[in-house]
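Data first, discussion second: the structure below is written as structure tokens.
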Amino acid sequence: MSVLKIEHATVTYPDGNSTVIALDHADLHVSANELHAIVGESGSGKSTLLAVAGLLTVPESGSVSLVGHELADADDTLRTAMRREHIGVVFQQDNMLPALNVRDQLLITDHIRGQKPRPTRADDLLARVGLAGQGDRRIGRLSGGQRQRVAIARALMGEPDLLLADEPTSALDAANSRSIIELFREVVDETGVACAIVTHDRSLLDVMDTVSEVTDGRTRVRATAN
Ligand SMILES: Nc1ncnc2c1ncn2[C@@H]1O[C@H](COP(=O)(O)OP(=O)(O)OP(=O)(O)O)[C@@H](O)[C@H]1O
């Protein structure tokens, strides 16, 4: 069953006197245990598709369902609640808070959810992403690759059903990019999370289960990467 099912989603933006069609009846299905790449030229609609998946942008037409809940007509409150409960996000820039140490970057998500902080879970996740024993370090001392590992651990704090990532390797060299994508692969295989990653790096597609190509706001699925 699809964790995320976007069907026929259309999103337009006003552009002076005309309208830009960012998504044109786009589809995206992502199942549990699936690592799904979203690729396409600059301006093709990838980020808009991810914003629809993350319940940040509401399509003008089409449907969006997450873990079986149809959300096309959901209000802001329900979308925010669904996002907090079910979705983890890894951004292009890692969005870390410079004043906090590595562990606190994860614990802040507990605060945001109104939960008691879970330092043991945070440390376990840090160990899982290859940062065992580094919870007390200042975030600014970490390399770009290490910071993205923290961002992945942070996105997993809430045990999401859906993990979304927008160009998570764009600031990394080739070796670090591959090891980050391989970490996503391991996380998907171990936790069963459904994961969609926007990437422009086609050399990483061999790690993916499915590739959706976005062209002028339309999507086309390649069943497997190779
Ligand atoms: N807020 C906005 N206002 C107006 N037009 C927008 C807005 N956001 C996106 N667009 C337009 O919608 C289209 C799709 O943009 P989108 O950012 O989704 O593409 P993308 O594939 O993610 O591009 P890139 O790879 O360069 O990040 C583009 O033509 C873009 O200019």
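The values are calculated or read from the model by the stated rules, or taken from the named source; none is laboratory data. Since we're looking at a predicted model, the values are computed, not measured. Cβ sites come from the backbone with ideal geometry, for glycine too, and all protein chains shown count toward neighbours. Side chains included, ligands, DNA and RNA excluded: accessible areas come from the protein's heavy atoms. Shrake-Rupley method; radii C 1.70, N 1.55, O 1.52, S 1.80 Å.
The stretch between Glu70 and Ser18, if pulled fully straight at 0.36 nm per residue, gains 15.6 nm over its current Cα-Cα span. Peptide packing: for 168-175, 66-73, 32-39, 204-211, the average count of neighbouring Cβ atoms within 10 Å per residue gives the ranking 32-39, 204-211, 168-175, 66-73, highest mean first. Using 0.36 nm per residue and subtracting the Cα-Cα separation, the extra length available between Phe91 and Arg141 on full extension is 16.1 nm. The HN-Hα couplings worked out from phi for segment 34-43 by the Karplus form 6.51 cos²θ - 1.76 cosθ + 1.60 (θ = phi - 60°) are 10, 9, 10, 8, 10, 10, x, 5, 4, x Hz, whole numbers, x standing for Gly and Pro.
Helix 174-191 axis versus longest C-alpha principal axis of the chain: approximately 90°, rounded to the nearest ten. At full extension, Asn33 and Leu56 could sit 5.9 nm farther apart than now, given 0.36 nm per residue minus the alpha carbon distance. Label-to-label distance, Glu7 versus Glu41, with points set 7 angstrom from Cα along the beta-carbon direction: 3.0 nm. Apolar share of the accessible surface for segment 1-157: 49 percent from carbon plus sulfur atoms, 1.4 Å probe. Placing R0 at 22 angstrom, the Cβ-Cβ distance between Asp206 and Ala171 gives a FRET efficiency of 0.55 after rounding to 0.05.
Here segment 121-181 and segment 25-93 have alpha carbon centers that stand 21 Å from each other.
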